[in-house]
Amino acid sequence: MSTQNLFQTKIPLTDYLNNPFDIAKKTLLGAYLCTNIGGILTAGKITELEVYMGAVDKAAHTYNNHRTPRVESCYKTGGCAYVFFIYGMHHHFNVVISEKDDPKAILIRAIEPIIGIDEMIKRRKMTNLKQLTNGPGKLCQALGITKEFDGIDLTGNTVWISPKTEKIPLSHINATPRIGIDYAEEYVHKKWRFVLKK
């Protein structure tokens, strides 16, 4: 199977409705976040992510079932994107991972560029590969993900996630507190950020 064809396979919707931490560690880490925008395929291996547990999570946008047009995608059935704009300059891409009206999501924090690297460089206007997609705003810019794709079905042909090609042992995953959530009281210390060891 060619590399191009490999990335046409999509994680099925049912896989987004399991235990959030299983989805994070067993399904998404090591899988491939892909876009096809203007006929250009870009893809990268997911190497870092954070779990947000919805209504009970003081770090989540949907804590206490907070519901506004901005977060409405989080209340959809798992397997769609929640994309938000932050600091007036960055987009962040999240995977919605639960049943309808149970607003849990996983923020994709970093990817390893695999396909379409020249296009990623052009979109990012930089050539430093280590800095190309090592943050949530950076990877969205590199893959061409904007608020336009908020709520999009992740089994479609524009933004999707292809399954990992090999099983990753849990011993190869680091669990740490999430980043940038100083406001979240006791939830600051939850080790809900998962990173592939290098």
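What to note about this one:
- Residues of the range 113-122 that are among the charged types (D, E, K, R) and surrounded by fewer than 18 Cβ atoms within 10 Å (Cβ to Cβ): ASP118, LYS122.
- The residues in the range 21-71 that are polar (S, T, N, Q), more than 20 Å from ARG178 (Cα to Cα) and not in a strand (DSSP E or B) can be counted, and the count is 2.
- Which listed residue, of MET53, MET1, is more than 23 Å from ALA142 (Cβ to Cβ), at pLDDT below 95 and out of contact with any Cys (no Cβ under 8 Å at 6 or more places or on another chain): MET1
- Complete set of residues in the range 61-103 that are among the hydrophobic types (A, V, I, L, M, F, W, C) and under 17 Å from LEU28 (Cβ atoms): CYS74, CYS80, ALA81, VAL83, PHE93, VAL95, VAL96, ILE97
- GLY38 vs. criteria modelled with pLDDT under 95, over 14 Å from ALA105 (Cα atoms) and surrounded by fewer than 22 Cβ atoms within 10 Å (Cβ to Cβ): yes
- Scoring HIS91 on the criteria (1) touching a Phe, Trp or Tyr at 6+ places or on another chain (Cβ under 8 Å); (2) part of a loop (DSSP other than H, G, I, E, B) leaves a single failure, condition (2).
- Test: LYS76 is of a type in the set (Lys, Arg), within 18 Å of ILE11 (Cβ to Cβ) and in contact (Cβ under 8 Å) with a residue 24 or more places away in the chain: yes
- Residue among LYS167, LYS130, LYS190, LYS198 that is under 23 Å from GLY78 (Cα atoms), over 16 Å from the mean Cα position of the chain (by Cα) and either surrounded by fewer than 17 Cβ atoms within 10 Å (Cβ to Cβ) or among the acidic types (Asp, Glu) (or both): LYS167
- Any pair with Cβ under 9 angstrom, 6 or more apart, that starts in the range 161-178 at a residue that is more than 20 Å from ASN94 (Cβ to Cβ) and ends at one that is of a type in the set (A, V, I, L, M, F, W, C) and part of a helix (DSSP H, G or I): THR165/LEU6
- Number of positions in the range 133-159 that are farther than 18 Å from ILE179 by Cα and either surrounded by 19 or more Cβ atoms within 10 Å (Cβ to Cβ) or not basic (Lys, Arg) (or both): 18
- Looking across the range 85-102, the residues that are surrounded by fewer than 18 Cβ atoms within 10 Å (Cβ to Cβ) and not acidic (Asp, Glu) come down to PHE85, ILE86, TYR87, GLY88, MET89, HIS90, LYS100.
The values are calculated or read from the model by the stated rules, or taken from the named source; none is laboratory data. Please read all numbers here as calculations on a predicted model, not as lab measurements. As a convention, Cβ positions derive from the backbone with ideal geometry for all residues, glycine included, and neighbour counts pool all protein chains shown.
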